[in-house]
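The values are calculated or read from the model by the stated rules, or taken from the named source; none is laboratory data. Small disclaimer: the values here were computed from a predicted structure and weren't measured. Cβ sites come from the backbone with ideal geometry, for glycine too, and all protein chains shown count toward neighbours. For the accessible areas, the whole protein counts, side chains as well, though only heavy atoms, and no ligand, DNA or RNA atoms are used. Shrake-Rupley method; radii C 1.70, N 1.55, O 1.52, S 1.80 Å.
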Amino acid sequence: QQQVKQSPQSLIVQKGGISIINCAYENTAFDYFPWYQQFPGKGPALLIAIRPDVSEKKEGRFTISFNKSAKQFSLHIMDSQPGDSATYFCAASMTGNQFYFGTGTSLTVIP
Amino acid sequence: DAGVTQSPTHLIKTRGQQVTLRCSPISGHKSVSWYQQVLGQGPQFIFQYYEKEERGRGNFPDRFSARQFPNYSSELNVNALLLGDSALYLCASSLVHGGETQYFGPGTRLLVL
């Protein structure tokens, strides 16, 4: 059973546009929700993370929106750049123990 | 500072063989987790170790085992390899058990023929 569901599977955005990736979870015990960025041949790198007591967190061009009642969270990439082209994974964990990852979104930003 | 290092980077084995993968965490980090990432999928949790003790185990068969050494480095062993074990094996380290910020290594690409 997939603990974290992620969509879309792939995304193509024009340079300067907004990229939006969505995730949903079922387990209300999850208390930490990170997003990872992965380039080909590399391990995932932590991008930004949020806890359920906050509805939004922004770091530079990256924003997480969190809807606790709907059990959904999303990543917004503002002013998307070709260098943002990568695979993005959402994840969830309970007190930093086992992390459950989504299936990933392949983002392509067209110049 | 060096990040998480893993060795080897690539490995080719045949079915039925055994493999050992190695991981060195970031200096000062005491917790190591192992993940399996099949092509096109997200990482799947295999094990978590802290202070040389297993603190978590994912839904993987007993063919998978791991250990952590006094210097906090770790090994993942997989016995009786199957074709389906072909994947990228990732190691992640965190400062403490339950440390939410996990830093991933580049992974070991295992191909089972």
**Item:** Only listed residue being in contact with a Pro (Cβ under 6 Å, 6 or more places away or on another chain) and at negative phi, chosen from A:Pro82, A:Pro34, A:Pro44, A:Pro40
**Value:** A:Pro82
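Does at least one position in segment B:100-112 carry a residue that is free of Cβ contacts under 8 Å to residues at least 60 places away in the same chain and small (Gly, Ala, Ser)?
For segment B:100-112, residues free of Cβ contacts under 8 Å to residues at least 60 places away in the same chain and small (Gly, Ala, Ser): absent.
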**Item:** Matching residues in segment A:17-32 - criterion: being open to solvent by 40 Å² or more (accessible area, probe 1.4 Å) and over 11 Å from the mean Cα position of the chain (by Cα)
**Value:** A:Ile18, A:Glu26, A:Asn27, A:Thr28, A:Ala29, A:Asp31
**Asked** Which of the residues spanning segment A:76-111 are away from chain B (no Cβ under 14 Å) and either within 14 Å of the chain's Cα centre (by Cα) or assigned to a strand (DSSP E or B) (or both)?
**Response** A:His76, A:Ile77, A:Met78, A:Asp84, A:Ser85, A:Leu107, A:Thr108, A:Val109, A:Ile110
**Asked** Of the numbered conditions (1) open to solvent by 40 Å² or more (accessible area, probe 1.4 Å); (2) more than 20 Å from B:Ile46 (Cα to Cα); (3) within 14 Å of another protein chain (Cβ to nearest Cβ), A:Asn67 satisfies every one except a single condition; which is it?
**Response** (3)
**Complete:** When B:Phe47 is run through (1) open to solvent by 20 Å² or more (accessible area, probe 1.4 Å); (2) more than 12 Å from B:Val4 (Cα to Cα), the failure sits at (1)
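Could you please give the count of residues in segment A:82-111 that are within 18 Å of A:Phe39 (Cβ to Cβ), among the hydroxyl-bearing types (Ser, Thr, Tyr) and open to solvent by less than 10 Å² (accessible area, probe 1.4 Å)? Before you say what the answer is, go through the steps one by one.
The first filter runs over segment A:82-111 and keeps only residues within 18 Å of A:Phe39 (Cβ to Cβ), leaving A:82-91, A:101-111.
Remaining after also requiring among the hydroxyl-bearing types (Ser, Thr, Tyr): A:85, A:87-88, A:103, A:105-106, A:108.
Checking which are open to solvent by less than 10 Å² (accessible area, probe 1.4 Å) leaves us with A:88, A:105.
Residues in segment A:82-111 being within 18 Å of A:Phe39 (Cβ to Cβ), among the hydroxyl-bearing types (Ser, Thr, Tyr) and open to solvent by less than 10 Å² (accessible area, probe 1.4 Å): 2 in total.
Rundown of residues vs (1) within 14 Å of chain B (Cβ to nearest Cβ); (2) within 9 Å of the chain's Cα centre (by Cα); (3) of a type in the set (Gly, Ala, Ser), yes/no style:
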site	(1), (2), (3)
A:Val4	yes, no, no
A:Val13	no, no, no
A:Pro34	yes, yes, no
A:Gln37	yes, yes, no
A:Pro40	yes, no, no
A:Ala45	yes, no, yes
**Number of the exception - A:Phe99 against (1) more than 14 Å from B:Thr101 (Cβ to Cβ); (2) modelled with pLDDT under 95** = (1)
**Among the residues listed as B:Ser65, B:Ser7, B:Ser24, B:Ser33, the single one being open to solvent by 20 Å² or more (accessible area, probe 1.4 Å), among the polar types (S, T, N, Q) and under 21 Å from B:Thr101 (Cα atoms)** = B:Ser24
**Complete:** Counting only residues in segment B:78-87 that are assigned to a loop (DSSP other than H, G, I, E, B) and not small (Gly, Ala, Ser), the one least open to solvent (accessible area, probe 1.4 Å) is identified as B:Leu81
